[in-house]
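Participant: There's a structure below that I have some questions on.
The values are calculated or read from the model by the stated rules, or taken from the named source; none is laboratory data. Keep in mind that what you see is a predicted model, and the values were worked out from it rather than measured. Glycine gets a Cβ as well: all are built from the backbone with ideal geometry, and neighbour counts include every protein chain shown.
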Amino acid sequence: MRWFKHYSDMHEGQSINNLMDEMHHTGLCFFLLQELCAQKLEQENIEKNEAVFTFHTRIVRQKLRISQVKLKSLLGHCRVNGLLSFEFRGNTLTIFMPILLELLDRDAKNARKTRAKHAQNTRLDIDKDKDKEYNAHFVNHAASNDAERISLSLAKKEIPKKPKLVAGDTTQDKFEWQSFFEEFWKKYPRKIGRRAAEKIYKREINNAQDHDKLIFSLEKYLRSIEDLKTQKQFVKYGSTFMNSWKDWFELEESVEEAEHLL
């Protein structure tokens, strides 16, 4: 379960902080419960687009070292904070934990980035070899013909450099972010955390091009929700999506880059 343990840094999230405020040390049992579900996902070959897990209630209580009353309280608080949903049927406990799907998605995304980086490095090595061959040829040619060497040198100096676009350039028109944010907010399905989302928007979206990237990322996330048939209570808050919107855009760039290089 390398993919799971590597991303067990959820204590920094707002949902986990809320859970700890409400249940104190008992809230830590969520991480044990999450690990139980991750183990089932690996060992029992559960469909990775479902993340539905069934346990005997007694087994869960033994693993978490808590009573039946505290187990129900823990699950209830986890459901309120959007971490999971559950159902008791006699001695059986069924848990739906979509956050594991996000962890798997992040792991797959990083794997694609690694492959893309490796392909890019291979391409750079090939380009370096070509540059060495060109430089050797150029030196030999210049030694035998000084006049041609000077002509090539002058020709290189005359080639204009493409100007670099600097983010936040003061020569650009002032970016009126409010109307653009309203467009984004109208499209977002779970309108919670608007004030926090606005702060992040003002900090990271500096022009219309950045806004287009954000809308592109949103559309990818909406397609993911539709493909996975994610229930509304498990859709990210608007503020939570704004904290990670670049992940969806960078994933697309990495995949396109890998396909181009390979």
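Participant: List pairs: first residue in the range 108-137 and under 30 Å from TRP248 (Cβ atoms) and surrounded by 10 or more Cβ atoms within 10 Å (Cβ to Cβ), second residue of a type in the set (D, E, K, R) and modelled with pLDDT under 70 anywhere in the structure, Cβ distance under 7 angstrom, at least six positions apart or on different chains.
Facilitator: Final answer for the pair search is ALA116/GLU257; GLN120/GLU257.
Participant: Of all residues in the range 53-83, which are without any contact (Cβ under 8 Å) to a residue 60 or more places away in the chain and at positive phi?
Facilitator: ARG65, the sole residue that qualifies.
Participant: Scan ALA119, ALA108 and give me the residue that is over 30 Å from ILE192 (Cβ atoms) and at pLDDT below 75.
Facilitator: One residue alone meets the criteria, ALA119.
Participant: Right, here's the next one. Of everything in the range 86-107, what is surrounded by fewer than 16 Cβ atoms within 10 Å (Cβ to Cβ) and over 12 Å from the mean Cα position of the chain (by Cα)? Give them in sequence order.
Facilitator: The answer is GLU87, PHE88, ARG89, GLY90, ASN91, THR92, THR94.
Participant: Which residues, taken from the range 225-247, are over 12 Å from PRO189 (Cβ atoms) and more than 12 Å from the chain's Cα centre (by Cα)?
Facilitator: If the condition is that a residue be over 12 Å from PRO189 (Cβ atoms) and more than 12 Å from the chain's Cα centre (by Cα), then ASP227, LEU228, LYS229, SER239 are the ones that fit.
Participant: Continuing with the same structure: Inspect all residues belonging to the range 221-228 and state whether any of them is in a helix (DSSP H, G or I), of a type in the set (Lys, Arg) and more than 18 Å from ARG106 (Cβ to Cβ).
Facilitator: From the range 221-228, those in a helix (DSSP H, G or I) are 221-228; that's our starting set.
When the remaining residues are screened for being of a type in the set (Lys, Arg), the result is 223.
Now narrow it down to the ones that are more than 18 Å from ARG106 (Cβ to Cβ): none.
The answer is no; no qualifying residue exists.
Participant: Tell me yes or no: at least one residue of the range 119-128 is in a helix (DSSP H, G or I) and in the same structural domain as LYS40 (by TED's automatic domain parsing).
Facilitator: Within the range 119-128, none of the residues are in a helix (DSSP H, G or I) and in the same structural domain as LYS40 (by TED's automatic domain parsing).
Participant: What number of residues within the range 177-231 satisfy the criterion of being in contact with a Pro (Cβ under 9 Å, 6 or more places away or on another chain) and either surrounded by fewer than 12 Cβ atoms within 10 Å (Cβ to Cβ) or within 17 Å of GLU250 (Cα to Cα) (or both)?
Facilitator: Final tally of qualifying residues: 2.
Participant: Just name the residue that is nearest to MET23 (Cα to Cα) out of those in the range 52-79 that are in a helix (DSSP H, G or I) and β-branched (Val, Ile, Thr).
Facilitator: Filtering the range 52-79 for residues that are in a helix (DSSP H, G or I) and β-branched (Val, Ile, Thr), the one nearest to MET23 (Cα to Cα) comes out as VAL69.
Participant: Among the residues of the range 149-206, write down those that are modelled with pLDDT of 50 or more, aliphatic (A, V, I, L, M) and assigned to a loop (DSSP other than H, G, I, E, B).
Facilitator: ILE192, ILE205, listed by residue number.
Participant: Considering only the range 1-47, give the helices (runs of 4 or more DSSP H) lying wholly within it that have at least 2 residues that are closer than 22 Å to LYS109 by Cα and at pLDDT below 85. Write out each step before concluding.
Facilitator: On the way: elements: 2-6, 14-23, 29-43.
Counting at least 2 such residues, we get 2-6, 29-43.
Participant: Quick one: is LEU83 more than 14 Å from LEU228 (Cβ to Cβ) and surrounded by 15 or more Cβ atoms within 10 Å (Cβ to Cβ)?
Facilitator: yes
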